[in-house]
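Report on one structure; see the data block that follows.
The values are calculated or read from the model by the stated rules, or taken from the named source; none is laboratory data. Since the structure is predicted, the reported quantities are computational estimates derived from the model, not experimental observations. Reconstructed Cβ throughout: ideal geometry from the backbone, glycine too, with neighbour counts over all protein chains shown. With ligands, DNA and RNA removed, areas are computed over all heavy atoms of the protein, side chains included. Shrake-Rupley method; radii C 1.70, N 1.55, O 1.52, S 1.80 Å.
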Amino acid sequence: MTTDTRPHVRIFDTTMRDGEQSPGASMSHAEKLELAALLEEMGVDIIEAGFPIASNGDFEAVRAIAALVKESVVCGLSRAGPKDIERCAEAVRPAARPRIHTFISTSPIHMKHKLQMEPDRVLEAIHGSVTLARNFTDDVEWSAEDATRTDRDFLRRAVEVAIRAGATTINIPDTVGYSFPDEYGAIFRDLIETVPGADGVIFSAHCHNDLGLAVANSLAAVQGGARQIECAINGLGERAGNAALEEIVMALRVRGDGMRFATGVETTLLSRASKMVSQITGFPVQYNKAIVGKNAFAHESGIHQDGMLKNAQTYEIMRPEDVGQGGTNLVMGKHSGRHAFKDKLRDLGYVLSDNAFQDAFQRFKDLADRKKHVYDDDIIALVDDAAAHVDDAIKVTRLRVVAGTEGPQTAEIDMTVDGAPRWTTARGNGPVDAVFNAISAIVAHEATLELYQVHAVTEGTDAQAEVSVRLKEHGRIAVARSADADTLVASAKAYVGALNRLIAKRSRGADAQESAAG
Ligand code: KIV
Ligand code: ZN
């Protein structure tokens with residue numbers, strides 16, 4: 001058994017407090033309980049469950065989470081006033097490990113305009129609030145709101161007062177996301193070196209992402225001596241959000257060579273947590289979001305796919321399974337090369353001859369040029385369609401249709417019949433009717449259309465249409481299917497496919513029977 005000797009960085013999740021303060025991100029009581037259970041399962045050290053004085057709903061949620069969670073510390077937020085602290089204490093009371101987190105602003109701009117308090121009054125409030133909180137629990141966190149815009153000397157005094165009053169965690173928030181990493185790290189170094197009693201408490205980082213620096217700043221804080229990071233799933237939080245929990249945890253894990261720290265978070269649950277928070281809040285996760293975005297392990301360019309197929313480490317610095325993502329996704333699109341296409345065909349169970357492969361690859365490229373996403377089902381339809389029509393006597397080579405509100409709808413079609421080119425134009429009662437009339441004008445037959453059915457192979461307005469056609473002639477039945485991004489092209493091909501089967505049956509003199517061909 002190996003023991004991890006790296007210093008532990010506590011992960012403090014504030015998705016349900018700072019995250020829920022994000023406009024539009026409210027969570028129901030039941031959803032909060034579900035999320036709290038997952039956070040505990042993940043090994044999050046501290047769960048900030050809410051702001052109990054803010055509403056009865058928040059109070060009840062914090063209390064229920066406190067009763068539910070056994071391993072993680074359950075924390076509630078409160079301002080410096082006694083009512084806030086008492087309400088918070090009441091809410092976290094059922095917890096196995098309760099924490100009261102109390103805060104007050106320390107920057108000149110906040111003290112003057114928001115609190116309208118003189119600095120000395122603020123120091124008194126810090127002393128009073130932390131002392132009161134310590135009457136309820138031994139685990140008290142104190143935060144200097146807007147710490148990064150606070151006069152350094154005043155910040156030192158405020159931190160010292162909080163420590164003397166009994167705070168066990170000192171949080172230095174970059175409330176407005178203003179700091180640079182080197183500045184933020186230096187604040188921690190300075191406080192830890194100069195404030196009496198600093199060696200007996202845990203320093204904590206709490207970074208907002210207004211300049212996109214929240215994760216970088218949090219890591220700089222750890223280098224400066226912080227041993228707790230406050231963060232939220234998917235980076236949820238006020239304005240541009242908080243540091244993203246999944247990014248912090250994976251940065252420390254992946255770059256253990258550069259920063260030798262450990263967290264206790266089970267990383268394979270990160271994607272589940274991200275999806276849960278996205279579903280609960282209705283905030284979509286951006287496709288290129290680090291760690292949990294849909295594209296975080298997706299590769300479309302031929303060069304990258306080729307590299308990935310040779311060795312995943314060419315373009316991936318972590319394994320998708322390690323963060324709970326299904327696996328690497330080689331997205332088939334117009335940038336994909338032959339290597340990836342062959343690999344995809346193999347995955348789908350197709351082994352094609354060289355000629356068939358070249359043909360399928362060309363058709364895939366044509367489809368990818370017209371369609372944003374080429375899904376597995378598109379490729380299956382494309383290969384099956386080619387295989388089904390390889391021996392056909394009649395083929396559609398070009399189709400042009402005039403449709404819309406101004407009738408008559410007209411189809412102009414080029415075909416080959418036994419290799420000879422044919423062309424015609426026809427009108428119809430709607431575009432599909434016009435297409436079928438044009439085909440019938442070239443290929444004489446007495447079949448009646450028994451079934452015409454369209455369905456989308458995949459999702460989206462650019463999905464391929466799969467069309468099924470069933471024809472009946474003198475008791476003989478033939479069915480064919482065809483897929484194409486253009487519904488009318490798929491219709492023409494399916495109709496011609498069924499005719500090809502009827503012709504084959506005619507020449508074989510086959511009895512009336514149903515042919516279910518693909
Ligand atoms: O951003 C902030 O300063 C806060 C404190 C209340 C910790 O969220
Ligand atoms: Zn905050």
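Dividing the summed -39500 (n - 2.57) terms of all DSSP H runs of n ≥ 4 by the residue count of the chain sets its mean residue ellipticity at 222 nm at -12500 deg cm²/dmol. Is segment 323-378 best put as rounded, prolate or oblate by its Cα gyration tensor, with a ≥ b ≥ c the root eigenvalues, rounded for a/c under 1.5, and otherwise prolate when a/b is larger than b/c, oblate when not? Oblate is the answer for segment 323-378, as a/c is 1.5 or above yet b/c matches or exceeds a/b.
Cα extents for the chain along the principal axes, largest to smallest and rounded to whole angstrom: 101, 46, 40. Close amide H pairs (under 5 Å, H built 1.01 Å from N) link Gly177 with His208, Asp210, residues at least 5 positions away or on another chain. Listed values for segment 115-123 are Karplus-derived 3J(HN,Hα) couplings in whole Hz (6.51 cos²θ - 1.76 cosθ + 1.60, θ = phi - 60°), namely 7, 6, 10, 6, x, 5, 5, 5, 4, and x replaces Gly and Pro. Taking the longest Cα principal axis of the chain as reference, the axis of helix 354-370 is set at about 60 degrees. Straight-distance candidates among the lysines for linking to Lys32, with alpha-carbon spacing under 29 Å and chain neighbours fewer than 8 residues away dropped: Lys70, Lys83, Lys275, Lys289, Lys294.
Would you kindly state the longest site-free stretch of the chain, with sites defined as GluC sites (Glu not before Pro) in a DSSP loop (not H, G, I, E, B) surrounded by at most 15 other Cβ atoms within 10 Å? The longest uninterrupted stretch comes out as 72-265. Electrostatic tally near Leu352: other residues with Cβ closer than 14 Å to its Cβ, Lys and Arg +1, Asp and Glu -1, net -1. Which shape class applies to segment 348-493: rounded if a/c is under 1.5, otherwise prolate when a/b exceeds b/c and oblate if not, where a ≥ b ≥ c are the square roots of the Cα gyration tensor eigenvalues? The shape class here is prolate. For Gly241, nonlocal amide neighbours, meaning residues 5 or more places apart or on other chains whose placed amide H falls under 5 Å from its own, are Asn209.
Taking every protein chain into account, the 1.4 Å probe leaves Thr416 with about 30 Å² of accessible area, to the nearest ten. Taking a ≥ b ≥ c as the square roots of the eigenvalues of the alpha-carbon gyration tensor, segment 244-318 is classed oblate because a/c is 1.5 or more while a/b is no larger than b/c. Taking all protein chains into account, the per residue accessible area for segment 34-100 stands at 37 Å² (1.4 Å probe).
Relative to the dominant Cα principal axis of the chain, helix 431-442 is inclined by about 30°.
Since only Ala133, Pro94, Ser218 are under comparison, the one whose Cα sits farthest along the positive direction of the charge dipole of the chain, derived from C-beta charges on Lys, Arg, Asp and Glu, is Ser218.
The fraction of accessible area contributed by carbon and sulfur in the chain is 49 percent, rounded to a whole number (1.4 Å probe; ligands and nucleic acids excluded). Per residue, the solvent-accessible area of segment 115-194 (1.4 Å probe, heavy atoms of protein chains only, all protein chains present) comes to 44 Å². What does DSSP give for the chain in terms of the percent of beta bridges that are antiparallel, rounded to the nearest 5? Antiparallel bridges make up about 50 percent of those DSSP assigns within the chain.
For the pair Thr425 and Asn355, a Förster radius of 25 Å applied to the C-beta separation gives a FRET efficiency near 0.15, rounded to the nearest 0.05. If you count Lys pairs in segment 316-422 whose Cα atoms are under 16 Å apart, skipping same-chain pairs closer than 8 places in sequence, the total is 7.
Charge dipole of segment 367-518 (Cα centre as origin; +1 on each Lys and Arg Cβ, -1 on each Asp and Glu Cβ, all else neutral): 480 debye, rounded to the nearest 20. Rounded to the nearest 10 degrees, the angle from helix 56-68 to the longest Cα principal axis of the chain is 90 degrees. In sequence order, segment 309-323 has phi-based couplings of 5, 7, 6, 4, 6, 4, 10, 10, 9, 8, 8, x, 5, 5, 10 Hz under the Karplus curve 6.51 cos²θ - 1.76 cosθ + 1.60, θ = phi - 60°, and Gly or Pro positions carry x. Over segment 192-302, the pair-distance histogram of Cα-Cα distances with 10 Å bins from zero comes to 13, 41, 32, 10, 3, 0 percent, rounded to whole numbers. With θ taken as phi - 60° and the Karplus curve 6.51 cos²θ - 1.76 cosθ + 1.60 applied, the whole-hertz 3J(HN,Hα) list for segment 96-109 is 5, 9, x, 9, 9, 10, 10, 9, 7, 6, 10, 7, x, 5 Hz, x standing for glycine and proline. Based on C-alpha pairs under 8 angstrom that are at least 6 apart in sequence, the chain has a relative contact order of 9 percent.
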